[in-house]
Amino acid sequence: MTAPGLLLEGVSHRYGREPVLHDLDLEIAPGEIICLLGPSGCGKTTCLRVAAGLEPIQQGRVEIAGAEVARPGFSVPPERRRVGLMFQDYALFPHLRVIDNVAFGVRQGDKAARRRAAMELLAHLGVEAHAQDFPHVLSGGEQQRVALARALAPRPMVMLLDEPFSGLDRRLREQVRNDTVAVLRELSVTTLLVTHDAEDAMLMADRIALMRAGAIVQSGTASELYSQPESAFAASFFGDVNVIEGIAQGGSVATPMGTLAAPYQDGCKVRVFVRPEGLSLSAENNDTSGAGAEIVESHMLGPTCLVRLDLEGEFGPLEARINDGTPWQAGKRVRIRLDPERSFVFPASQEM
């Protein structure tokens with residue numbers, strides 16, 4: 001049986017009296033890309049620092065490729081763990097040219113061999129033309145690529161990335177993110193990526209571990225977390241949702257747009273979470289099912305149409321994303337129905 005590329009088992013950590021991680025378990029297969037996703041302050045970066053050896057472990061253990069590297073009272077130094085580290089500030093050496101920044105991390109061979117290895121990594125990432133430049137003349141995206149090349153230079157068994165794309169604008173972010181994933185997959189490096197951005201996680205990761213208050217609350221593929229959230233927090237963290245209050249009765253909850261399964265005690269207050277793409281519209285004069293509403297705004301977003309609706313009765317405004325090609329216009333009366341496959345019900349007492 002192949003050992004995990006990275007294993008954190010029963011890890012707990014606190015700063016002073018403040019608990020940050022709570023009995024956290026995380027296993028990453030060799031070559032797998034895992035994203036630790038969650039809001040600021042949930043413990044993501046602390047988890048990464050414990051894995052790297054930058055924080056002494058207080059409880060639990062860490063393995064890399066089957067070898068134990070940390071337990072209470074024992075810790076392999078960071079430089080001997082064969083991990084590559086990349087933080088959001090890149091931390092390039094300003095007094096060294098790009099090629100020397102990368103060659104600094106190459107551990108084998110003479111100076112010429114180290115520079116050849118550095119050039120190969122720069123070529124992989126499309127910045128070989130900047131080999132003789134100093135970091136300050138590079139764009140943010142170019143600096144990010146150089147920082148990744150330097151982190152990969154020692155041929156690490158595990159790559160640890162902390163919010164690596166947060167300083168880039170949207171268009172550049174997408175390109176750099178795609179290039180980064182391509183290189184990590186080509187080199188088959190076990191990777192732990194920390195991010196608060198659900199889109200980054202969904203586009204990069206083989207699996208996502210969603211964190212909250214120091215614990216992993218759900219893990220799985222992007223599709224599983226988006227389509228099968230296990231909590232109100234998970235449902236709302238992965239994309240926009242419409243939230244409707246209701247009461248469970250007889251194992252279901254009734255809404256003006258349709259009835260959903262609600263396996264809770266009768267009288268339990270619940271919240272219905274509906275993805276914008278889980279709402280369908282039809283012209284009011286052609287349909288009497290669902291709920292009546294008026295279109296307040298309508299915006300074309302390429303292949304989809306973003307529609308904001310004013311629903312009659314006690315519910316607030318709703319948002320729908322429609323991809324049927326119909327040019328829905330503001331002021332039009334429509335009927336709304338919901339798709340049970342894109343709707344989720346949780347107790348109202350559960351925190352979002």
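The values are calculated or read from the model by the stated rules, or taken from the named source; none is laboratory data. The shown structure was predicted, so the numbers you read here are calculated from the model rather than taken from an experiment. We place every Cβ from the backbone using ideal geometry, glycine too, and count neighbours over all the protein chains shown.
I'd like to check something: does the range 202-216 contain any residue that is basic (Lys, Arg), within 30 Å of residue 44 (Cβ to Cβ), in the same structural domain as residue 15 (by TED's automatic domain parsing) and touching a residue at least 12 places away in the same chain (Cβ under 8 Å)? The answer is yes, given that some residue of the range 202-216 is basic (Lys, Arg), within 30 Å of residue 44 (Cβ to Cβ), in the same structural domain as residue 15 (by TED's automatic domain parsing) and touching a residue at least 12 places away in the same chain (Cβ under 8 Å). Looking at (1) part of a helix (DSSP H, G or I); (2) surrounded by 13 or more Cβ atoms within 10 Å (Cβ to Cβ), which one does residue 171 not meet, given that it meets all the others? Exception for residue 171: condition (2). Do you know which of the residues in the range 150-168 that are of a type outside the set (S, T, N, Q) and either more than 18 Å from residue 81 (Cβ to Cβ) or not assigned by TED's automatic domain parsing to the domain that holds residue 54 (or both) is surrounded by the fewest Cβ atoms within 10 Å (Cβ to Cβ)? Among them, the one singled out is 167.
Residues in the range 330-347 that are in contact with a Phe, Trp or Tyr (Cβ under 9 Å, 6 or more places away or on another chain), more than 11 Å from residue 229 (Cα to Cα) and touching a residue at least 60 places away in the same chain (Cβ under 8 Å): 347 alone. Among the residues of the range 176-183, some residue qualifies, meaning at least one is crowded, with 18+ Cβ neighbours inside 10 Å, hydroxyl-bearing (Ser, Thr, Tyr), over 30 Å from residue 347 (Cβ atoms) and out of contact with any Asp or Glu (no Cβ under 9 Å at 6 or more places or on another chain). The residue pairs whose first member lies in the range 269-286 and is under 19 Å from residue 328 (Cα atoms), whose second member is outside any loop (DSSP other than H, G, I, E, B) and among the small types (Gly, Ala, Ser), and whose beta carbons are closer than 6 Å, counting only pairs six or more residues apart or on different chains, are 276/320; 278/343; 279/320. Of all residues being buried (at least 22 other Cβ atoms within 10 Å of the Cβ) and free of Cβ contacts under 8 Å to residues at least 60 places away in the same chain in the range 126-149, which is nearest to residue 187 (Cα to Cα)? Just the residue, please. Checked the range 126-149; the qualifying residue nearest to residue 187 (Cα to Cα) is 149. Taking interchain pairs and intrachain pairs at least six residues apart, which have beta carbon atoms under 8 angstrom, with the first residue in the range 63-78 and modelled with pLDDT under 95 and loosely packed, with under 13 Cβ neighbours inside 10 Å and the second assigned to a strand (DSSP E or B) and not acidic (Asp, Glu)? Hits for this filter: zero, empty list. For the range 256-344, the strands (runs of 3 or more DSSP E) that sit wholly inside it and include 2 or more residues that are in contact with a Gly (Cβ under 8 Å, 6 or more places away or on another chain) and over 17 Å from residue 240 (Cβ atoms) are 258-261, 269-274, 291-301, 333-338. From the set of residues in the range 79-121 that are outside any helix (DSSP H, G or I) and among the aliphatic types (A, V, I, L, M), which is surrounded by the most Cβ atoms within 10 Å (Cβ to Cβ)? This residue is 83.
Scanning the range 241-273 for residues that are touching a Leu at 6+ places or on another chain (Cβ under 6 Å) and farther than 14 Å from residue 352 by Cβ returns 253, 257, 258. Within the range 151-164, can one find any residue that is under 17 Å from residue 193 (Cβ atoms) and part of a helix (DSSP H, G or I)? The answer is yes; a qualifying residue exists.
Does residue 338 qualify as being surrounded by 14 or more Cβ atoms within 10 Å (Cβ to Cβ), under 12 Å from residue 292 (Cα atoms) and in the same structural domain as residue 277 (by TED's automatic domain parsing)? The answer is no for residue 338.
Note on the range 174-194: residues that are closer than 18 Å to residue 37 by Cα, of a type outside the set (A, V, I, L, M) and not in a helix (DSSP H, G or I) amount to 2.
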